[in-house]
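Below you'll find the structure, written out as structure tokens, and then a few comments.
Read the figures in this text as sums done on the coordinates, not as results from a lab. Keep in mind the model is a prediction, meaning the values are calculated, not measured. Note that each Cβ is placed from the backbone with ideal geometry, even for glycine, and that neighbours are counted across all protein chains shown.
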């Protein structure tokens, strides 16, 4: 009992700390239930995936080496989520199956935040022909189905982690480009920028000190939603066979594998990896919801 | 109406550089990245360098990239997207053959998402902060977080395999697949034209699961927009006036509020079509649906450059046209908008 209470309070304290950081210490914002649930889910998944990667046989069965179960057997007391066609334990594969999703999602969103923001700053600041061409290109990419673009790109880059990071990251660049460019255009004309300029500040300083901080809130909310979306995109890419090479455990790939045994009614091969994808994506989505409520109080529902 | 006409022309002119840019990006990516279409086409291993080289020359892949680009562009302008490396048939012909299947699926998905999304969104808005509102919001967020291919597979497991209510995949089942004669490519329409009611029923049954899969995946976006815009409208003064006049709540919501609440919902329509096409890739893969999206996936696997480029341009053009139509509809629904 005691141990549990302490562990819970540690998680609670960690969440409070994160939310304080996000909300710049505005205390009334710390009671964000949605945000806390989302953060808990994501932290839990990151810890679980890390542990499962370090100690593969976390639940007593190795995800790739153990092959002594019954073939295609539904959930039992010894194999909670059943076994697959190679007599492996599904649960052990579930535990570590989010590795690719997490790595790719975080790296891809970081990549697109960086590239998108820098391009947005440059475009908004310079204006002229460069701005027009960049904006038009970004609009063209943005209006094109992101899932199809990611598939085309990853197919061209080749399968694996790095190609997926580039493909998924590329798709989100226009989002951040738009957010930062809009902010630059708005801030550029304000009095205080004129004042800063009069003092003699250069463009770089204006961008980093005065424009970038203004975009942080919007970027944080958007990137949480993008992370949720990236988890789904990575799962879809793995499902289509562009992810980690087998036999590495991976939710998307395991679902593709389970599809072959769908006709024989092996529902457990598909159901459990899918539930994991939903939970993780939902976690990021809830964080996005929470942050949007934080940074944009007008969004908070009104009683009608 | 002259204003609208001019606007349409302006937009169409703007579409051209956008599609052109996308085409250029895809063309360059395909050429710059590793992966040889010719060896993929011939099956890879054990082919002598001379044979590879002769094919490369024949297909024009030996020319410098700018030359290839120029010749490809001049073809596209004339509506020629080249021949598929896999089948040898003109890409444009294959695309048109598969296009109706995708559209039929997309319309189905859109209908499901509109009905589910708008109805739940409005219900949530009129019951804001009640249990129903919370439940619906969770449903909307969950629909965002749901991998579409997984949902499709789950439907297949339960409704097709376990219960046997609906077919697992395809557009037509059993003997009909061989006997049914398609005129337009839109099977629903074809069956109605030919008054073939057994075929119509079968086609409809085949559409249910893919349509639901695609639709539910989009419900979140639609529903959240509806809820937010309805909440905003319900706050307006004229709604208070309507209520003060003693109108029934139902009349106020459906008669007065909905029309204005629909405006932002329609705006996201264009955006939704992009998501819809993306979702179609996965839906078509899961349900072996013979549309453009599954064609593209197969073209990618075979490194069939002309087919990939053709599909991308085709989809981009299609989405631009949809966006244009949405914008024009926008001005009809909202008289304040003038172009």
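Against chain A, whose longest principal axis comes from its Cα atoms, helix A:146-157 is set at around 70 degrees. Annotation: extensible slack from residue B:129 through residue B:6 equals 39.7 nm (criterion: 0.36 nm per residue apart, minus Cα-Cα distance).
With a ≥ b ≥ c the root eigenvalues of the C-alpha gyration tensor of the protein assembly as shown, is it rounded (a/c under 1.5), prolate (a/b larger than b/c) or oblate? The partial results should precede the final answer.
On the way: a/c = 1.22, a/b = 1.09, b/c = 1.12.
Rounded, since a/c falls under 1.5.
Quick one: among A:146, A:281, A:112, which has the greatest mean-square fluctuation in a GNM of chain A with alpha-carbon springs under 10 angstrom? Judging by the Gaussian network model, the answer is A:146. Within the listed set A:173, A:43, A:165, the residue fluctuating most in the Gaussian network model of chain A (springs between alpha-carbon atoms under 10 angstrom) is A:43. Available extension along the chain between residue B:54 and residue B:201 is 47.8 nm, counting 0.36 nm per residue and deducting the alpha carbon span. The stretch between residue A:76 and residue A:64 holds 2.4 nm of extra length on full extension. This uses 0.36 nm per residue minus the Cα-Cα distance. Note on chain A: GNM, Cα springs under 10 Å; of A:260, A:36, A:99, the largest mean-square fluctuation is that of A:260. For chain B, the longest principal axis of the Cα atoms and the long axis of helix B:305-333 meet at an angle of about 20 degrees. When restricted to Cα atoms, the stretch A:108-155 yields an Rg and a Dmax of 12.3, 35 Å, respectively.
Need one word for chain B: rounded, prolate or oblate. Basis is the Cα gyration tensor (sqrt eigenvalues a ≥ b ≥ c); a/c below 1.5 gives rounded, then a/b vs b/c decides.
Working: a/c = 2.28, a/b = 1.59, b/c = 1.43.
In terms of gyration-tensor shape, prolate.
Pairwise alpha-carbon distances in chain A exceed 37 Å for 27% of all pairs. Listed from fewest to most Cβ neighbours within 10 Å, the set A:80, A:17 follows the order A:17, A:80. Note on residue B:70/residue B:193: beta-carbon distance plugged into 1/(1 + (r/R0)^6) with R0 of 30 Å gives a FRET efficiency of 0.10. Averaged over the residues of peptide A:134-143, the number of Cβ atoms from other protein chains lying within 10 Å of each residue's Cβ is 5.
Peptide A:186-198 has a mean shielding of 0, counted as Cβ atoms of other protein chains within 10 Å of each residue's Cβ.
Against the main long axis of the alpha-carbon atoms of chain A, helix A:128-143 sits at an angle near 30°.
Centroid-to-centroid, using Cα positions, the stretch A:251-268 and the stretch B:168-228 are 25 Å apart.
Rounded if a/c is under 1.5, else prolate if a/b is larger than b/c, else oblate: which is the stretch A:16-166, with a ≥ b ≥ c the root eigenvalues of its Cα gyration tensor? Don't skip to the end; give the middle numbers.
Numbers: a/c = 3.34, a/b = 1.59, b/c = 2.10.
Oblate, since a/c reaches 1.5 and b/c is not below a/b.
In this simple spin-label approximation, residue A:191 and residue A:40 carry label points 7 Å from Cα along the Cα→Cβ vector, and these lie 4.8 nm apart.
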